[in-house]
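Written below as structure tokens is the structure these notes are about.
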Amino acid sequence: MQETQSKEAKVYMLSQADELLIAIILKNTKVTQAQVDQALADCQAAKNEGRDLDLAHAILNRKWLSRAELYKLVKARNFALMRQEDKRIGRRAFRKGYITKTQLDEALAFQRQLFKALGDIKRLESILIDDGHITPEKVREIWAEYTSFLKRSGERPVEPKTDPSLLKHG
């Protein structure tokens, strides 16, 4: 984080998802770094009080962004996280000779177009299976290897979720 971050915000541990959401918010909205720092301080204060408050809801509570705006940004963040992981899975499938580089590139391009046009998040392996480029068995094999690698490195696969409460009015 930048040096302008408050002491309270510095205590709040940022996940990869939070860091990416901050970058997307700062790039695509009028929310400032100082406001992000205030939201992070709110998250830390809530944690100190035993309450659960995520970054998106802290920003929403401050009314810096509407629910609809925040929902779109969180969804974009989820797509970016999932796509990063899908690229790893796709490269692994390519290295094992299960798919060609062209098939991988075309599936990634379709995935991006689908998200841009409709906002739909579709996993790369689903696209490759639907197109008949890889079998579900090979996908399971690649995922097993990938999750084993993540466990050894202390990571977990991403679970792109958009909090449904961001869609509620109020």
Helix-derived mean residue ellipticity, 222 nm - over the chain, DSSP H n ≥ 4, -39500 (n - 2.57), to 500: -21000 deg cm²/dmol
Subset of Lys47/Lys75; Lys72/Lys96; Lys122/Lys151; Lys72/Lys138; Lys75/Lys151; Lys27/Lys96 violating a 31 Å alpha-carbon distance limit: Lys72/Lys96; Lys72/Lys138; Lys27/Lys96
Region 7-65: translational diffusion in µm²/s, Stokes-Einstein, Kirkwood Rh over Cα pairs, 20 °C, 1.002 mPa s: 189 µm²/s
Residue order, fewest to most beta carbons within 10 Å, for Lys138, Lys116, Lys63, Lys96: Lys63, Lys116, Lys96, Lys138
Dimensionless Rg/Rh of region 82-152 - Kirkwood Rh, Rg from C-alpha atoms: 0.96
On Cα atoms only, tilt of 101-118 relative to the major axis of the chain in degrees: 40 degrees
FRET efficiency, 1/(1 + (r/R0)^6) with R0 41 Å, evaluated for Lys87 and Asn61 via beta carbons: 0.75
Pairs of Cα atoms farther than 26 Å apart, the chain, %: 40 percent
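Only the coordinates and a few stated rules stand behind these numbers; no lab work does. Remember, predicted model here, so these are calculated numbers, not experimental data. Note: ideal-geometry Cβ built from the backbone for every residue, glycine included; neighbour counts use all protein chains shown.
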